[in-house]
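To start, the structure under review is shown below, and the notes come after it.
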Amino acid sequence: MKILICDKTEMDAIEKMRAAGLTVDTNFEVTPEELPNVLPAYDGCVVRGRTQVRQPLIDVCPNLKVIVRGGVGLDNIDADYARSKGITVMNTPKAASASVAELAVGFMFMLARSLYKASATMKAEKWEKKAFEGSELGGKTLGLIGIGNIGKEVARRANALGMTVLAYDPYVKGADGVTLVELDELLAKSDYISLHLPKTKETTGMIGKAQFEKMKTGVRIVNCARGGIVDEAVLHEALTSGKVAAAALDVFASEPPTDWKLAKLDNVICAPHIGAATREGQGRVGAEVAEKLIEFAKK
């Protein structure tokens, strides 16, 4: 079986696949324009978040049998269409869960103590000790929108900090240390709201004006899921009005953003979609990609 690795993947995983008898080529910089000429020669491909596998590309790859996304979600793949063509589509939903969860909790600490502002003033050689009275996470209510693999990891850490954890997820019947509630109740009761759900037709724009109106004044928002789930224009308005005290964003509707005004707000901290970008997480992603492809090749 011939596999093309389109995005950066750990060499240990690549060598493991080769040792198992797979023919593996790498082209980490392959462009959308090049792929229709390159991919048809392969039986399978591995992508991360960079490479898009859409219907037109699938249509010119008659030999394609398997697509593996190294990471959570399949929003850069036309997965349903690929499956309708008999192509197996897989991802690695658990491998980077701890990495993303730690970033989400780290963001909450930064918001609670205004660490982004405090650090900036020190770099500007200012000693503004009295300006940074923060708050503790312990005793606060965290609302998790989505309680899948990552949401559960966040909940474990939040419970250890003494937070009350609520969650909304219509696809989950229960989770340890979490009280499942309807979305409106979560919005009304939460001091912190953290998103951990895929971007789909149903979830795109699901946190908009009506949802912000139901939130506590002074709520803090964390989004390490996908851009576009939260309406960015409405979030900007809520941050400037004081309805939302602060936000931490690892994801944006357009990446990189085409409009930077949200990222530039003083009460926003942000990162360039680095939730899964830890050495440990990437190692687990690569290992799971290799395991799934090796197992697929045995069929």
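The values are calculated or read from the model by the stated rules, or taken from the named source; none is laboratory data. Being a predicted model, the structure only gives us computed values, none of them experimental. Backbone-built Cβ (ideal geometry, glycine too); neighbour counts: all protein chains shown.
The table for this structure:
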quantity: Number of the exception - Thr258 against (1) buried (at least 17 other Cβ atoms within 10 Å of the Cβ); (2) in a loop (DSSP other than H, G, I, E, B); (3) polar (S, T, N, Q); calculated: (1)
quantity: Exclusive hit being closer than 30 Å to Ile14 by Cβ, part of a loop (DSSP other than H, G, I, E, B), out of contact with any Pro (no Cβ under 8 Å at 6 or more places or on another chain) and of a type in the set (A, V, I, L, M), set Ile274, Ile294; calculated: Ile274
quantity: Top-ranked residue in the stretch 1-30 [being assigned to a loop (DSSP other than H, G, I, E, B) and charged (D, E, K, R); ranked as nearest to Glu280 (Cα to Cα)]; calculated: Glu10
quantity: Sole exception among (1) surrounded by 17 or more Cβ atoms within 10 Å (Cβ to Cβ); (2) in the same structural domain as Asp43 (by TED's automatic domain parsing) for Gly283, by number; calculated: (1)
quantity: Condition met for Gly49 (part of a loop (DSSP other than H, G, I, E, B), not assigned by TED's automatic domain parsing to the domain that holds Glu153 and not acidic (Asp, Glu)); calculated: yes
quantity: Wholly enclosed helices (runs of 4 or more DSSP H) of the stretch 155-248 bearing at least 3 residues under 20 Å from Ser114 (Cα atoms), touching a residue at least 12 places away in the same chain (Cβ under 8 Å) and assigned by TED's automatic domain parsing to the domain that holds Lys261; calculated: 232-241
quantity: Residue list for the stretch 80-124, restricted to those being under 29 Å from Lys140 (Cβ atoms) and among the acidic types (Asp, Glu); calculated: Glu102
quantity: Residue list for the stretch 103-124, filter: surrounded by fewer than 21 Cβ atoms within 10 Å (Cβ to Cβ) and of a type in the set (Val, Ile, Thr); calculated: Thr121
quantity: Residues located in the stretch 95-143, provided they are at pLDDT 95 or above, touching an Asp or Glu at 6+ places or on another chain (Cβ under 7 Å) and assigned to a loop (DSSP other than H, G, I, E, B); calculated: Lys140
